[in-house]
1. Fully extended, how many nm does the chain gain between residue 7 and residue 47 (0.36 nm per residue separation, minus their Cα-Cα distance)?
2. Just to verify a number: FRET efficiency for residue 16 and residue 101, C-beta to C-beta distance, R0 = 25 Å, to 0.05?
3. Considering amide H positions built from the backbone, and no H for Pro or chain starts, which residues 5 or more places from residue 75, or on another chain, come under 5 Å of its amide H?
4. Distance check, please: which entries in 7/46; 46/85; 5/67; 65/88; 46/77; 5/99 exceed 23 angstrom between their Cα atoms?
Amino acid sequence: RDIYKDKPFILLINPAHVQVNDGYLKEKESLNYLYVPGIINGNLQKIIISWANENNITTIDVLPKIKDEDNLDVFYKIDFHYTPKGNKIVADEIYNELKKEGL
């Protein structure tokens, strides 16, 4: 941040797949993963966003936008990385923020 003082810095907050849709839990169970309810609850994201706000760092929290999609095709079911649809949603959010910043 100190090196690039004249450049915008945006912190992207990515949700865990189970924060988006509980249906991903069934996929995890089929792969023999153990999921402990309540561990992935968004508290860490809230702490990071609060810290960023205190330090005047712009954040993009994509959870609300991805959750609006209300489906199971924003993450791959095997490794829970974004699918092309998930990546498009995230890229659009980044683009919109950059546009808002005048970039």
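Just so you know, all these numbers are worked out from the coordinates, no wet-lab data involved. What you see is a predicted model; the values in this text were computed from it and never measured. Glycine gets a Cβ as well: all are built from the backbone with ideal geometry, and neighbour counts include every protein chain shown.
1. 12.0 nm
2. 0.40
3. For residue 75, whose amide H was placed from the backbone, the distant partners under 5 Å are 83.
4. 7/46; 46/85; 5/67; 46/77
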